[in-house]
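Have a look at the structure below before the remarks.
The values are calculated or read from the model by the stated rules, or taken from the named source; none is laboratory data. All figures in this text were calculated on a predicted structure; none of them were measured in a lab. Because the Cβ atoms are built from the backbone with ideal geometry, glycine has one as well, and the counts that use them run over all protein chains shown.
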Amino acid sequence: MNGETDLKTLLATMSPVLHPIPYVFCSVSRDIYAQLPLDPIGTFHEQEGITVIIPQQQAIDNGLPFDTAWAWITLSVHSSLSAVGLLAAVTGRLARVGISVNPVSAYYHDHLFVPWESRWQAMDELRNLSHSESGCAA
């Protein structure tokens, strides 16, 4: 099933969902990764190590260092991997109000990681952006 590619439709129907617990980004060696009982929601293999995105409590329980706690927001619209402009519009909107964002695109949805303490403001901004694109008053 192909995802949506029309930017206006994507923005109007993105339906952001805030996950309830904080997540962290950690980097571990391949050896450590193979030994730890982690259940990451995302991984990326880099030359320096394997980046894992895991619940903050998993990092604490396994003694993994991390810098910042992040809120995970899923844009519920089924976006195409070929869609142009969704992440630019979303990250641009958040940047204008001083919220950093680490986006991750998966097959069905785009996911945003924003600083834990900025999660409610980020959700408000995303809803306002969506409402402005759907023709509703923001």
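Do we have Gly42 as assigned by TED's automatic domain parsing to the domain that holds Asn128 and within 22 Å of Met123 (Cα to Cα) here? No, not satisfied. Tell me whether segment 115-135 contains one or more residues that are touching a Phe, Trp or Tyr at 6+ places or on another chain (Cβ under 7 Å) and assigned by TED's automatic domain parsing to the domain that holds Asn2. The answer is yes; a qualifying residue exists. Being in the same structural domain as Asp6 (by TED's automatic domain parsing), surrounded by 15 or more Cβ atoms within 10 Å (Cβ to Cβ) and modelled with pLDDT of 95 or more holds for only one residue in Val52, Val104, Val97, and it is Val104.
Restricting the search to strands (runs of 3 or more DSSP E) fully inside segment 29-138 and requiring at least 3 residues that are of a type in the set (A, V, I, L, M) gives 49-55, 70-75. When Gln35 is tested against (1) under 19 Å from Met123 (Cα atoms); (2) free of Cβ contacts under 8 Å to residues at least 12 places away in the same chain, exactly one condition is not met: (1).
Across segment 8-36, the number of residues qualifying as surrounded by 15 or more Cβ atoms within 10 Å (Cβ to Cβ), out of contact with any Ser or Thr (no Cβ under 7 Å at 6 or more places or on another chain) and at pLDDT below 95 comes to 5.
Among the residues here, Val77 qualifies as in the same structural domain as Met14 (by TED's automatic domain parsing), in contact with a Leu (Cβ under 6 Å, 6 or more places away or on another chain) and surrounded by 16 or more Cβ atoms within 10 Å (Cβ to Cβ).
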